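Heads up, the thing below is written out as structure tokens.
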Amino acid sequence: MRADLQTLLSALRFLARKTSPVSVADLSARLQGKHSSGILSELVALDAVIRTRRDPPTIVLDPDLREQLQNILFIDSMPDAEESGEPQPVTTPSNDDTLFELLGLSPSASLEEVKAAYRRKMKEWHPDVFAGRSDDARRIAEEKTKDIIAAYETLVGRHHRKQEEEVVT
């Protein structure tokens with residue numbers, strides 16, 4: 001089923017405000033079910049989105065297209081924090097929830113799960129994956145990989161310190 005032009009425009013407006021990936025479920029909810037089933041296939045056919053994850057499916061608007069749409073639709077380049085719902089870069093992560101969330105883990109994750117999540121996220125966000133894309137897409141990927149590395153190093157370091165404390169006591 002094809003989405004109508006108004007629904008497609010609503011989806012593009014929503015995605016133009018986002019710089020981080022959006023789940024397909026969130027996009028569908030935002031469109032309130034108005035022919036939302038055809039939106040993803042039409043956005044992919046238009047080469048308007050970059051798929052960032054398959055399970056659950058997430059997308060981000062191509063950065064060059066986002067910039068053009070922001071100019072055309074008079075959208076501020078910096079989204080409203082409440083509207084965007086985006087996490088800020090965590091190059092220096094401050095709390096455990098952010099670290100685990102960034103790697104897609106629960107706080108009870110084992111060291112093996114942390115390592116597996118790190119590898120999975122690096123495959124997903126490595127800048128080489130975005131080599132054929134715009135400078136903005138590569139910059140976003142570079143920032144994301146720095147955040148992933150920082151979260152991984154922090155969690156692994158904590159695990160090793162915890163093991164050392166257990167040996168000492």
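The values are calculated or read from the model by the stated rules, or taken from the named source; none is laboratory data. Predicted model only: the values in this text are computed from it and were never measured. Every residue, glycine as well, gets a Cβ built from its backbone with ideal geometry; the counts of neighbours run over all protein chains shown.
When the residues of the range 114-138 are filtered to those that are charged (D, E, K, R) and exposed (fewer than 14 other Cβ atoms within 10 Å of the Cβ), which remaining residue is farthest from residue 60 (Cα to Cα)? If we take residues in the range 114-138 being charged (D, E, K, R) and exposed (fewer than 14 other Cβ atoms within 10 Å of the Cβ), then 119 is farthest from residue 60 (Cα to Cα).
What are the residue pairs meeting all of these: first residue in the range 98-119, first residue touching a residue at least 40 places away in the same chain (Cβ under 8 Å), second residue among the basic types (Lys, Arg) and not in a loop (DSSP other than H, G, I, E, B), Cβ atoms under 8 Å, and 6 or more apart or on different chains? Once the first residue is touching a residue at least 40 places away in the same chain (Cβ under 8 Å) and sits in the range 98-119, its partners that are among the basic types (Lys, Arg) and not in a loop (DSSP other than H, G, I, E, B) give 102/121; 103/121. In the range 31-54, the residues that are more than 12 Å from residue 4 (Cα to Cα) reach residues that are polar (S, T, N, Q) and modelled with pLDDT of 75 or more with C-beta atoms within less than 6 angstrom, at least six apart or across chains, in these pairs: 52/58.
Any residue in the range 155-168 that is closer than 30 Å to residue 63 by Cβ and part of a helix (DSSP H, G or I)? Looking for residues that are closer than 30 Å to residue 63 by Cβ and part of a helix (DSSP H, G or I), one finds at least one in the range 155-168, hence yes. Mind listing whichever residues of the range 94-113 are closer than 20 Å to residue 59 by Cβ and either among the acidic types (Asp, Glu) or surrounded by fewer than 18 Cβ atoms within 10 Å (Cβ to Cβ) (or both)? Residues satisfying the conditions are 101, 104. The condition (being assigned to a helix (DSSP H, G or I), at pLDDT below 90 and closer than 29 Å to residue 16 by Cβ) is satisfied by just one residue among 140, 75: 140. Selection over the range 106-137 of residues that are under 20 Å from residue 66 (Cβ atoms) and either part of a helix (DSSP H, G or I) or not charged (D, E, K, R) (or both) gives a count of 11.
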